[in-house]
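**Student:** Here's a structure for you.
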Amino acid sequence: MLYIKSNKSRAVIDLSGIWQFKLDDGTGFENNWMARPLEYADNLYVPASYNDQQEKLAYRDHCGWAFYQCTFTVPQMLVNNRVVLRFGAVTHEARVYLNGLLITEHKGGFLPFETEITNRINDGENLLCVAVSNRVSYSTLPVGNEHGTAFFGSESKDLESIRMLKIRDRNSPNFDFFNYAGIHRPVKIYTTPKSYIKDIVLTPDIEGADGVVKYTIECQGEGQVNVIILDENKRVVAESKGKTGCLIIKDAKLWEPGNAYLYQAIVTFGDDCYEQEFGVRTVEVKGTQFLINRKPFYFKGFGKHEDSDFYGRGMNQALNVKDISLMKWLHANSFRTSHYPYSEEMMNLCDREGIVVIDEVPAVGLNFGWNDPEGGYAKFKTTEHHREVIQDLIERDKNHPCVVMWSIANEPDTEKQPQEAYNYFKPLYDLAHQLDSQNRPVTLVACQNDYLRDITAPAMDVICVNRYYGWYELSGDLELAGEAFKNEMEYWQKIKKPWMITEYGADTISGLHSVLPNMWSEEFQTEFYRVMNSILDQYDFVVGEQLWNFADFNTIQGMMRVGGNKKGIFTRDRKPKLAAHYFKDRWEKSQR
Ligand code: BDP
């Protein structure tokens, strides 16, 4: 799916701004709220989560549908074009109504969707209504507890009335980040000519000093395809005709981590044209190495979240710019889009800034129910949707040079019923390979208690593991934690595959200090990393360290979370903790 751009053949209308918003009271659909202006609605900003925009418990704790509305008018000069309505992401499920009629529905909160509205728009003002559900269940990704109810009380008959009182519909996410919801990414209307370019697939390779770019252009309607490649000085460096072909860029400048170089493929088809940026770079796994442009690459970076004050999980471009700037300050080179695809705008920025990305689908929470007879993957009704999100992610991000690996899940249970887990994930691993014309490595981020039983993580191209020795296990005892970690590394060494740590960390209250490394203090977090890193440094098969987390982030309330998850090396408002200075020094001096 192409990103939205305005150019000489395409126009864009951005619907970002203040929309009308109202939580469903259970009668919204029945009373046709979609068809007329919402009564007693609030003014909320789009794109952003609705949860933190006003001081309302109901906004924080809502479970179910909510309604958004805005109006728009398409300028007369555009109406002879094909007109498309596109959503960057609506979390987690959307039903879209135009002038009272359902025009599209979408499941999944982190990927774009669009629908043509050419013949549906009125001459004058149009009423757009988006119903949004934040429910997570056994069939959504991320996964939530099916009933979304809380049970609290005793099974005893005497207490029946108390028990009943405590049961209510509520969100019960099976993941450690706040279940932010709403219209999270831009809503835009764009036009194309009636015959138009539908998709562009670029597959770069390197031969000697040259870049070799295979291409496929998908078009709708009649026309001739032309492709020219421009370098960063807007000089034509290659040209071709036809829907498929191969372009040679002589003495190509490579897209390198930390040193991005972007070419533009200018595709024309009849009256339509589209400029697709891309980089010339290769990615492969060889032996125990991860190679970018045939050179060993070592990941230094983070697991992150899209999470900030007021916006919640809504796109925040100033913060994206800030985060990349902080990464560069730290001499980091990469992050994983834990635990869902990030905005297209962030991916574009990473392309330009040379930040390397592990691109993850929203498959988090596939880790309970193993011991009940109906449990395991039979309990999750996610297989089809899991295929869809892998397909849609690759369709969206295939041309990004910053993406070097796909992650098909975070911390699924891969050990209690190892064969069942393998049977679930192996076809998804194969699917990702099959769909990606660049054939990037595919991984799954594991967190086994008993790694000896796991046959899924070792079947991936890179073994990615999350570890919390010293925090959740062997809490506070860094000496023993180091020994346990070392012991485990001896096991992984024998598997002879590239291996990286994709999460390790300790909750840390900014400003809490202690001379000795006591848990929750800034000194402990720093010491924790020193101990773990000293072990990582002993092994050549380790291809990266991505700590958890870049910054503190919001979670559900719970006794393990003090105002959210505090494992950031930055606070939520991006103030460094001691560990940030430690990593800056480590990565600056790193020879890997
Ligand atoms: C890991 C999860 C991550 C959590 C982290 C933690 O992948 O989402 O936030 O643990 O507990 O298990 O901090």
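**Student:** Mind listing whichever residues of the stretch 557-572 are part of a loop (DSSP other than H, G, I, E, B), more than 11 Å from the ligand (Cβ to nearest atom) and surrounded by fewer than 24 Cβ atoms within 10 Å (Cβ to Cβ)?
**Tutor:** First pass over the stretch 557-572, keeping only residues part of a loop (DSSP other than H, G, I, E, B): 557, 559-560, 562-564, 566-569, 571-572.
From what's left, more than 11 Å from the ligand (Cβ to nearest atom): 557, 559, 562-563, 569, 571-572.
Those that are part of a loop (DSSP other than H, G, I, E, B), more than 11 Å from the ligand (Cβ to nearest atom) and surrounded by fewer than 24 Cβ atoms within 10 Å (Cβ to Cβ): GLN557, MET559, VAL562, GLY563, THR571, ARG572.
**Student:** Among residues belonging to the stretch 438-452 that are open to solvent by 10 Å² or more (accessible area, probe 1.4 Å) and in contact with a Lys or Arg (Cβ under 8 Å, 6 or more places away or on another chain), point out the one that is nearest to the ligand (Cβ to nearest atom).
**Tutor:** Out of the qualifying residues, it is CYS447.
**Student:** Scanning for something assigned by TED's automatic domain parsing to the domain that holds PRO173 and either within 22 Å of the chain's Cα centre (by Cα) or under 30 Å from ALA363 (Cα atoms) (or both), does the stretch 119-129 turn up at least one residue?
**Tutor:** Initial filter on the stretch 119-129 (assigned by TED's automatic domain parsing to the domain that holds PRO173): 119-129.
Checking which are either within 22 Å of the chain's Cα centre (by Cα) or under 30 Å from ALA363 (Cα atoms) (or both) leaves us with 129.
Looking through the stretch 119-129, at least one residue is assigned by TED's automatic domain parsing to the domain that holds PRO173 and either within 22 Å of the chain's Cα centre (by Cα) or under 30 Å from ALA363 (Cα atoms) (or both).
**Student:** Would you mention how many residues in the stretch 392-418 are closer than 15 Å to VAL201 by Cα and out of contact with any Leu (no Cβ under 9 Å at 6 or more places or on another chain)?
**Tutor:** Here is the first cut: in the stretch 392-418, the ones closer than 15 Å to VAL201 by Cα are 392-401, 403.
Add one more test, that the residue is out of contact with any Leu (no Cβ under 9 Å at 6 or more places or on another chain), and what stays is 397, 400, 403.
Total satisfying the criteria: 3.
**Student:** Select from the stretch 109-135 the residues that are touching a residue at least 60 places away in the same chain (Cβ under 8 Å) and farther than 18 Å from VAL46 by Cα and write down the one among them that is least open to solvent (accessible area, probe 1.4 Å). Before the answer, list the steps.
**Tutor:** Taking the stretch 109-135 first, the residues touching a residue at least 60 places away in the same chain (Cβ under 8 Å) are 109-112, 114, 117, 127-135.
After this cut, where a residue has to be farther than 18 Å from VAL46 by Cα as well, the list is 117, 135.
Numbers: ILE117: 0, ARG135: 95 Å².
The qualifying residue least open to solvent (accessible area, probe 1.4 Å) is ILE117.
**Student:** If you don't mind, another one. Checking the condition open to solvent by less than 50 Å² (accessible area, probe 1.4 Å) and on the phi > 0 side of the Ramachandran plot, which residue from ASN293, ASN316 passes?
**Tutor:** That would be ASN293, the only listed residue that is open to solvent by less than 50 Å² (accessible area, probe 1.4 Å) and on the phi > 0 side of the Ramachandran plot.
**Student:** Mind listing whichever residues of the stretch 1-48 are touching a residue at least 60 places away in the same chain (Cβ under 8 Å) and of a type in the set (Asp, Glu)?
**Tutor:** ASP14, ASP24
**Student:** Check GLY505 against each of (1) closer than 22 Å to LEU326 by Cβ; (2) more than 16 Å from the ligand (Cβ to nearest atom); (3) among the small types (Gly, Ala, Ser) and name the one condition it does not meet.
**Tutor:** (2)
The values are calculated or read from the model by the stated rules, or taken from the named source; none is laboratory data. Because the structure is predicted, anything quoted here is derived from the model rather than measured. Note that each Cβ is placed from the backbone with ideal geometry, even for glycine, and that neighbours are counted across all protein chains shown. The protein model used for the area step is the full one, side chains on, heavy atoms only, and it has no ligands, DNA or RNA in it. Shrake-Rupley method; radii C 1.70, N 1.55, O 1.52, S 1.80 Å.
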